[in-house]
């Protein structure tokens, strides 16, 4: 099934109303690049998707395996560097904290599953991003 996101850009800063038809959030850019900083930047939204998938995967696997966990927190950082040919190399570091009475083996297994979550696999996979078409 295809995932669809609809964006309505507002003339103030770079504010965008982002919806999937059911839920809505605001995206923006920081003030330092003439945004209004009223929402997450595009890069932050990508990292949010990865981190949300990681923590949701941990919770899902823990439930299926009857492992009692409490909070699951993740912190992702991203650095992009431009190559001499103009392309980018992007590095993302991830740290995950799982609260609860877990064995070291359970903790390791849950984090390994998180690193193989659906969104991470999408990002690591091959993408074909077609050029935009005019909506009119």
- Being in contact (Cβ under 8 Å) with a residue 12 or more places away in the chain and more than 30 Å from residue 17 (Cβ to Cβ), is that true of even one residue in segment 82-93? yes
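Is it the case that some residue within segment 11-29 is loosely packed, with under 10 Cβ neighbours inside 10 Å, within 17 Å of the chain's Cα centre (by Cα), free of Cβ contacts under 8 Å to residues at least 24 places away in the same chain and over 30 Å from residue 132 (Cβ atoms)? Lay out the reasoning, then the answer.
Within segment 11-29, the first condition is being loosely packed, with under 10 Cβ neighbours inside 10 Å, and the residues that meet it are 11, 21-23.
Those still in the list that are within 17 Å of the chain's Cα centre (by Cα) too: 23.
From what's left, free of Cβ contacts under 8 Å to residues at least 24 places away in the same chain: 23.
Going one step further and asking which of them are over 30 Å from residue 132 (Cβ atoms), we end up with none.
No; the residues of segment 11-29 include none that is loosely packed, with under 10 Cβ neighbours inside 10 Å, within 17 Å of the chain's Cα centre (by Cα), free of Cβ contacts under 8 Å to residues at least 24 places away in the same chain and over 30 Å from residue 132 (Cβ atoms).
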- Could you please tell me which pairs satisfy a Cβ distance under 7 Å, a separation of 6+ or placement on different chains, a first residue in segment 111-125 that is more than 9 Å from residue 53 (Cβ to Cβ), and a second residue that is in a helix (DSSP H, G or I)? 113/57; 113/58; 113/61; 123/50
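What about residue 61, is it at pLDDT 95 or above, in contact with a strand residue (DSSP E or B) (Cβ under 6 Å, 6 or more places away or on another chain) and not assigned by TED's automatic domain parsing to the domain that holds residue 2? Reasoning before the result, please.
Working: at pLDDT 95 or above: yes; in contact with a strand residue (DSSP E or B) (Cβ under 6 Å, 6 or more places away or on another chain): no; not assigned by TED's automatic domain parsing to the domain that holds residue 2: yes.
No; evaluated as a whole, the condition is false for this residue.
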- When segment 50-98 is checked residue by residue, the ones that are over 21 Å from residue 121 (Cα atoms), surrounded by 14 or more Cβ atoms within 10 Å (Cβ to Cβ) and within 21 Å of the chain's Cα centre (by Cα) are 98
- Query: Of the residues 38, 135, 102, 47, which single one is closer than 28 Å to residue 8 by Cα, out of contact with any strand residue (DSSP E or B) (no Cβ under 8 Å at 6 or more places or on another chain) and either surrounded by 14 or more Cβ atoms within 10 Å (Cβ to Cβ) or outside the structural domain of residue 9 (by TED's automatic domain parsing) (or both)?
  - Reply: 135
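The values are calculated or read from the model by the stated rules, or taken from the named source; none is laboratory data. Here the structure is a predicted model, which means the values were calculated and not measured. With ideal geometry, Cβ positions are generated from the backbone for all residues, glycine too; neighbour counts draw on all protein chains shown.
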